[in-house]
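This report refers to the structure that appears directly beneath it.
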């Protein structure tokens, strides 16, 4: 272990190392410093999310900025779709309750077995509805996109950060509109 550390120290103060494919003529220190630059920069060479998604020219960065902008729009569209589906579901439930109240129906009472297992059956049947499964799938997709966008921001590339911020703002404007101030609604 100490030999490796000693070798690294010698390599960082001596001749250029051939470890990094990005900076072949730089010392180990310069390679590490350039690879883990945690200041906002506007360079064209960047690895985004995956090793195969590399930019090397201005055109590659412009295409990547556009793709990230579209991912932000998709993220906000999924969020808007979840809110729309929830609102429609809530309105349908309210309408069903109103129809039952107008009809004067009350829940039917069955045998003692039905009364004994009713809470369990009700919980099991309400847990796996099409509405809940679709909401969970949409939420999972939304979270995958959100965490991918967080990783894009963590590249510290100013162009990509601006693409995320502008994309989220435009997506919110297009798909969400304005916050809902109804009871129980979150921003």
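No lab work stands behind these numbers, since they all come straight from the coordinates. Everything numeric in this text was worked out from a predicted model, so none of it was measured. FYI the Cβ positions are ideal-geometry reconstructions off the backbone, even for glycines, and counts take in every protein chain you see.
Overview of results
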{"quantity": "Relative exposure of 39, 155, judged by other C-beta atoms within 10 Å (fewest first)", "calculated": "39, 155"}
{"quantity": "Spacing of the two label points (7 Å from each Cα toward its C-beta) at residue 59 and residue 133, in nm", "calculated": "4.6 nm"}
{"quantity": "Pairwise label distance in nanometres, residue 97 with residue 162, each label 7 Å out on the Cα-Cβ vector", "calculated": "4.9 nm"}
{"quantity": "Footprinting exposure proxy for 57, 45 (fewest neighbouring C-beta atoms within 10 Å first)", "calculated": "57, 45"}
